[in-house]
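Encoded as structure tokens, the structure appears first; notes follow it.
The values are calculated or read from the model by the stated rules, or taken from the named source; none is laboratory data. Not measured: the values here are computed from a predicted model. All Cβ positions, even for glycine, are placed from backbone atoms using ideal geometry, and neighbour counts span all protein chains on display. Accessible surface areas use protein heavy atoms only, side chains included; no ligands, DNA or RNA. Shrake-Rupley method; radii C 1.70, N 1.55, O 1.52, S 1.80 Å.
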Amino acid sequence: MDINWDKLATIEELKPYFEKDPEKFKQQVKKHLQEWSTINSDDLDKLAFLRALEITNGCTQWAYRRQDKECLSLEKTRECMHLSMSSIKNKKIPLANGEFITFSSEIENLIDTGRDLYIEAFKRNLPRQTQEFYALSTAQFLTYGKTRMEQAFIKIRENYLHYFGDFYINKGINYVKPYIS
């Protein structure tokens, strides 16, 4: 895989890690890339969908916390959070047609690892874990690639437009774009 490190270094969330110790951050990303390169295509599709859901929800949560003029109501924001968090916690994503996306036990463990890392980074505010989270997240986006992420967001729109609306689905798409373009 050919990685444009210079372009990644311009992403706002990644700048501090590239400025502080670019080689260390690159090695962290490469380590996760190696781990994720063994995942089969079907599982990557499911994981990309879960990641698109997480990101879109994150956009709604931050907008509400900041009280952006476009933020959803408290009730809608809570519905979005419940959808995302229960999908992550239960490793089962409900679809609009009543079916569910489920994961193998191996993939469930990966989801738990990512969730634990997120909690340590953003709930417990551990700087080392925050860097590790962004390295993992970067590796995920690079592994998923542009086409898979575009398909994931199409599926988000098809299944959850009534939750997030076009505005926040587009916010999610725009968050991911710098990683995959």
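For this structure, a couple of remarks:
- Packing-based ranking of 10-22, 75-87, 46-58 yields 46-58, 75-87, 10-22, ordered from highest to lowest mean Cβ neighbour count within 10 Å.
- With all protein chains in place and a 1.4 Å probe, the accessible surface of the chain carries 49 percent carbon and sulfur.
- In order along the stretch 56-62, the Karplus-derived 3J(HN,Hα) couplings, from 6.51 cos²θ - 1.76 cosθ + 1.60 at θ = phi - 60°, round to 4, 4, x, 4, 5, 5, 5 Hz, and Gly and Pro are given as x.
- Gain on full extension, evaluated as 0.36 nm per residue between Met81 and Ile154 minus their Cα-Cα distance, stands at 24.3 nm.
- Hits among lysines - C-alpha to C-alpha of Lys30 under 29 Å, sequence gap 8 or more where chains match: Lys7, Lys15, Lys20, Lys46, Lys89, Lys91, Lys92, Lys123, Lys146, Lys155, Lys171, Lys177
- Expected 222 nm ellipticity per residue - DSSP helices of 4 or more, -39500 (n - 2.57), all of the chain, to 500: -26000 deg cm²/dmol
- Anisotropy class of the stretch 5-44 from Cα gyration tensor, a/c 1.5 cut: prolate
- Extension gain for His162 to Ser73 (0.36 nm times residue separation, less C-alpha to C-alpha distance): 30.7 nm.
- Excluding ligands, DNA and RNA, the accessible surface per residue across the stretch 1-113 is 59 Å² with a 1.4 Å probe.
- Computing volume of the Cα convex hull per residue in Å³ for the structure here picks out one of (1) 100; (2) 120; (3) 135, namely (2).
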